1. Using the Cα centre of chain B as the reference point, and only Cβ charges (+1 on K/R, -1 on D/E), how large is the resulting charge dipole? Debye, rounded to the nearest 20.
2. Which value, in debye to the nearest 20, describes the size of the charge dipole of the protein assembly as shown about its Cα centre when Lys and Arg Cβ atoms bear +1, Asp and Glu Cβ atoms bear -1, and nothing else is charged?
3. Cross-link partners among aspartates and glutamates for A:Lys76, C-alpha distance below 13 Å, same-chain residues fewer than 8 apart left out?
4. How far, in nm to one decimal, is B:Ser33 from itself in the other copies if the label point is set 7 angstrom along Cα toward Cβ? Shortest first, please.
5. Give the residue from B:Gly137, C:Thr83, B:Phe112 lying farthest towards the positive end of the charge dipole for the protein assembly as shown; charges sit on Cβ (+1 for Lys and Arg, -1 for Asp and Glu) and the dipole is referred to the Cα centre.
6. Once the whole set of protein chains is in place, how much accessible area is left on C:Arg127, using a 1.4 Å probe, in Å² to the nearest 10?
7. Quantify how strongly other chains surround peptide A:129-135 by giving the mean number of their Cβ atoms within 10 Å of each of its Cβ atoms.
8. Mind scanning A:Lys129/C:Lys2; B:Lys93/B:Lys129; B:Lys2/B:Lys31; A:Lys16/C:Lys109; A:Lys30/B:Lys134; A:Lys31/A:Lys109 and naming the pairs with a C-alpha gap bigger than 21 Å?
Amino acid sequence: MKSFREEIWFETKKKKEFLNITAQVEGLLKKSSIREGLCLVNAMHITASIFINDDEQGLLKDFEDFLERLAPYDLKGYRHHQTGEDNGDAHLKRQIFGREVVVAITEGKLDFGPWEQIFYGEFDGGRRKRVLVKIIGL
Amino acid sequence: MKSFREEIWFETKKKKEFLNITAQVEGLLKKSSIREGLCLVNAMHITASIFINDDEQGLLKDFEDFLERLAPYDLKGYRHHQTGEDNGDAHLKRQIFGREVVVAITEGKLDFGPWEQIFYGEFDGGRRKRVLVKIIGL
Amino acid sequence: MKSFREEIWFETKKKKEFLNITAQVEGLLKKSSIREGLCLVNAMHITASIFINDDEQGLLKDFEDFLERLAPYDLKGYRHHQTGEDNGDAHLKRQIFGREVVVAITEGKLDFGPWEQIFYGEFDGGRRKRVLVKIIGL
């Protein structure tokens, strides 16, 4: 069994942003030289998500609207803000969209259906953050 | 370390449907002859979910109502539909219920609590779609 | 490849509760003596979640409010209750927050960002329940 680990760093300009990181994960998979196994990709921060969906700009904007509707930015509304934070909404958005994905590795490739793309979802950006890629297999 | 991969194909008749696929995954696990490890089950399409819950018909209908309330079918409401699609709601429903589950394999069995069952959640059915089962272990 | 399995048992006093189980998972990881791999932590019951976020009491209360707003406790509102159950809301809350996390193991440690903590989210407590920890690796 082989094991591989590397971080991907981001500094988003906007508070909320979706970044397609599929090519970066593919690059790391190639570097790992693992051919069969599992690839974990997870946000290392708790106001960001990793998820898999379609890379279509209208849809990504729909995602943003949806999350804002369910967990709106609200300076007064969250108890978490009594600590001095202002990102209660970002913690909730992350909970809805999830922390991680696990992707099968088959014949050295991300074993994907036709439209699957890996996204980093930032909900409290404008600072340096990172994603962990851990691959185990043969 | 051993590795196993197989797809399960579906063609649902209805737009929205929940299918209990536990027996199919168990069959593939047996075929793999892996005794200890991890089993990834993921939708290969981005308008469907894999999740684990109870196989109770009333509950599954509650799930459907819940998802419809949070992310209603709406021809005009989603930017994604400017591409000609009509399934923006299905992408959102999939985001709420998730893409995948990872199940422990212990002594050749899905290592489940008393009521855990694996479901395929279809949110934009009536066409052929597939699920990936990838198992790694000993 | 090595494989390790153990259960963590709970009996929460309250109906809804969030328990930080990071130290317990770390203890099991140490016991496993696995240095590189993946650690699956999943609820074995379908009215509870495992998730990763920040251990801040205000935020945890925000999570509770959020879940109650999206999937309120409601004796009459859920079809699932026709079976005699009263926990339809708990099944829904679990679907939103998820069943499991997969954590990378690197150099014998949970490979975490600065604030990541593992939580057990109980949505139908007051009875004995358990969580599965399965670790595979080297």
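1. Details: 22 positive and 23 negative charges, 121 e Å.
The dipole magnitude comes to about 580 debye.
2. 920
3. Cross-link targets: A:Glu85, A:Asp86, A:Asp89, C:Asp62.
4. 2.9, 2.9
5. B:Gly137
6. 110
7. Working: counts 1, 1, 1, 7, 1, 9, 2.
What the average comes to for A:129-135 is 3.
8. On the way: A:Lys129/C:Lys2 32 Å; B:Lys93/B:Lys129 16 Å; B:Lys2/B:Lys31 12 Å; A:Lys16/C:Lys109 31 Å; A:Lys30/B:Lys134 19 Å; A:Lys31/A:Lys109 12 Å.
Violating the 21 Å limit, Cα to Cα: A:Lys129/C:Lys2; A:Lys16/C:Lys109.
The values are calculated or read from the model by the stated rules, or taken from the named source; none is laboratory data. Predicted model, so just to flag it, every value in this text is computed and none were measured. Every residue, glycine among them, receives a Cβ derived from its backbone with ideal geometry; neighbour counts consider all protein chains shown. Heavy atoms of the whole protein, side chains included, go into the accessibility calculation; ligands, DNA and RNA do not. Shrake-Rupley method; radii C 1.70, N 1.55, O 1.52, S 1.80 Å.
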